[in-house]
Amino acid sequence: MDCYVFEFATGRYQVRDKVAFDKVYQEFTSLDGLLGHIISLIEQHCWTNRFKNAHATTGWHSQLHQLPSESAESWVRL
């Protein structure tokens, strides 16, 4: 599990391991960079779950042909 911190000494935003807190995975010089990283993780999670659910219910091939016709709003539900 990750933990997001701002280190005053360096002025950087960091992604750290919650258990091994000294382990820094990534550093960002701006809050925008950190938020972009978090949003990309959310997008990966949503896409992964979308395809897992599609395959489990109707098979992945029947969902793939529907992807281009769906609007962007249907993909983002936070």
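A count restricted to the stretch 18-28 and to residues that are more than 15 Å from Leu41 (Cβ to Cβ) and assigned to a strand (DSSP E or B) stands at 2. In the stretch 29-65, the qualifying residues are those that are part of a loop (DSSP other than H, G, I, E, B) and open to solvent by 70 Å² or more (accessible area, probe 1.4 Å), and the one that is modelled with the highest pLDDT is Thr29.
Cβ-Cβ contacts under 9 Å between residues 6 or more apart (or on different chains), taken from a first residue in the stretch 1-17 that is over 18 Å from Gly36 (Cβ atoms) and open to solvent by 40 Å² or more (accessible area, probe 1.4 Å) to a second residue that is among the β-branched types (Val, Ile, Thr) and in a strand (DSSP E or B), are listed as Glu7/Val24. Contact list please: Cβ distance under 8 Å, first residue in the stretch 37-51 and within 16 Å of Gln14 (Cα to Cα), second residue at pLDDT 85 or above and surrounded by 12 or more Cβ atoms within 10 Å (Cβ to Cβ), pairs at least six apart or on different chains. Qualifying pairs under 8 Å: His37/Val15; His37/Gln26; His37/Phe28; Ile38/Tyr4.
The values are calculated or read from the model by the stated rules, or taken from the named source; none is laboratory data. Predicted model only: the values in this text are computed from it and were never measured. Virtual Cβ from ideal backbone geometry, glycine too; neighbours counted across all protein chains shown. The area values use the complete protein model at the heavy-atom level, side chains included, leaving out ligands, DNA and RNA. Shrake-Rupley method; radii C 1.70, N 1.55, O 1.52, S 1.80 Å.
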